[in-house]
Amino acid sequence: MKVLGIDLGGTNIAMAIVNENGEILARNKVETKVHEGFARVVERMSDAAIELIEKVNGVSKIGIGSPGSIDHENGIVRFSPNFPGWINVPLAEEIEKRTKVNVSLENDANAFVMGEKWFGKAKGYTDIIGITLGTGVGGGVITGGKLLRGHDGIGAELGHIIVDPNGYPCGCGNHGCLETMASATGISRLAKEWKERYPESTIKNFSAKEVMDAARMGDQLGVKVLEIVSQSLGTALGSLIHIFNPQIIVIGGGVSRAGDILLSNVKKYTRENVMRSFWNTYEIVLSDLVDDAGIFGAASIGFEEIES
Ligand SMILES: [Zn+2]
């Protein structure tokens, strides 16, 4: 079985043909150039896909992971903040027409959690929560082996769980969403906000990576921000554990590269919010698919459909 997984991002479109063992057989990457409009993006994506499909025989399906509100059933991007002007565009149909291969389209965070089930640390599990800490915070839930989509297919917006009703304004219109605290953008803002209290801190450019690296070195500002971020994640994960009773929670996205220092703190604060009967029912881990998580996620959407 071979599936072409396409990770549609705001800057680049990364794609690879993956087999069911999680081996990458061929890969390709093109710039998204979203300013050139939907038709040109479709063209570039299809050309790159066709090149791969001709190189490797037997691709039976294409899976696409896209940010935004996705109508999986009809293969439509309803709206995506990174792609201005893409309102109700039939992405799956357009790619299918050009490549002559059946296409499944899914939200990228949903694809992430499915990728973990097929190829990552959640392999063999049926009840999984995936959370991606990137520029924003995305999430996906698999319950009883099935992706939780909700009635309109737009559910599991885990980044917009409110962890502080009096918190920062979020891009979604609410205040204090998890995304305002635990995204790379949120971490950077938190560090700037607290810097006056920690004049001895060595943090200079306030990127999320720098803040997390500083925390690892014991920088007090870094440690303070790490604690706030981990507390927010612990608040959200505590509730999610009570609702979904997951076996495993996988944390991915660029911020997860902070590694053990983030993981140990998130575990600690999550446990504080979880009632005793749930204490030994779940694991929290960091994704190890990292750079290819988007491709594996997209491919897994294809595999999931072939199997069902
Ligand atoms: Zn929000």
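Quick note: the coordinates plus some simple rules give every number you see, no bench work behind them. Predicted model only: the values in this text are computed from it and were never measured. Neighbour counts run over all protein chains shown; Cβ positions are idealised from the backbone, glycine included.
Since only Thr135, Ala39, Val225 are under comparison, the one whose Cα sits farthest along the positive direction of the charge dipole of the chain, derived from C-beta charges on Lys, Arg, Asp and Glu, is Val225. Find how many whole Å separate the alpha carbon centroid of segment 21-87 from the alpha carbon centroid of segment 190-260. Computed from Cα coordinates, the inter-centre distance equals 32 Å. Derived from the Cα gyration tensor, the three semi-axes of the equivalent ellipsoid of the chain are 33, 22, 18 Å, largest first.
Residue-wise HN-Hα couplings along segment 91-107, as the Karplus relation 6.51 cos²θ - 1.76 cosθ + 1.60 with θ = phi - 60° gives them from phi, are 4, 4, 4, 5, 6, 4, 4, 7, 8, 6, 10, 4, 10, 10, 10, 8, 4 Hz; Gly and Pro carry x. Under 5 Å from the amide H of Lys61 lie the amide H atoms of Leu4, each residue being 5 or more positions distant or on a separate chain, with H modelled from the backbone and absent for Pro and chain starts.
Using only helices, what value at 222 nm comes out for the chain when you add -39,500 (n - 2.57) per DSSP H run of length 4 or more and divide by the total residues, to the nearest 500 deg cm²/dmol?
-12000 deg cm²/dmol
When the C-alpha to C-alpha distance is required to be over 32 Å, the pairs from Lys146/Lys209; Lys117/Lys267; Lys97/Lys121; Lys121/Lys268; Lys123/Lys268; Lys121/Lys192 that qualify are Lys146/Lys209; Lys97/Lys121; Lys121/Lys192.
Just to confirm the filter: which GluC sites (Glu not before Pro) across segment 1-60 are DSSP coil and have at most 15 other Cβ within 10 angstrom of their Cβ? Don't skip to the answer; put the middle values down first.
Numbers: sites: Glu20, Glu23, Glu31, Glu36, Glu43, Glu51, Glu54; in loops: Glu20, Glu23.
Those satisfying the criteria are Glu20, Glu23.
Compute the FRET efficiency between Ser264 and Thr143 as 1/(1 + (r/R0)^6), taking r as their Cβ-Cβ distance and R0 = 35 Å, and round to the nearest 0.05. E between Ser264 and Thr143, to the nearest 0.05, is 0.85. Rounded to whole Å, the principal axis extents of the Cα atoms in segment 1-149 read 39, 35, 26, largest first.
Count the DSSP beta bridges whose two residues both fall in segment 56-199, then state the antiparallel fraction as a percent rounded to the nearest 5. Mind dumping the intermediate values first?
Numbers: 14 of 19 bridges.
Close to 75 percent.
Taking a spot 7 Å from the Cα of Glu305 along the direction of its beta carbon, which residues of segment 81-108 have an amide N less than 18 Å from it? In segment 81-108, the label zone of Glu305 (backbone N under 18 Å from the point 7 Å along Cα→Cβ) covers 88-108. When the Cα atoms of segment 124-288 are aligned to their principal axes, the ranges along those axes come out at 49, 34, 28 Å in descending order.
Excluding Glu200 itself, what net charge comes from residues whose Cβ is under 14 Å from its Cβ, given Lys and Arg +1 and Asp and Glu -1?
On the way: positive: Lys195, Arg197, Lys204, Lys224; negative: Glu196, Asp219.
Cβ neighbours under 14 Å give a net charge of +2.
Among DSSP beta bridges lying fully in the chain, give the percent that are antiparallel, nearest 5.
60
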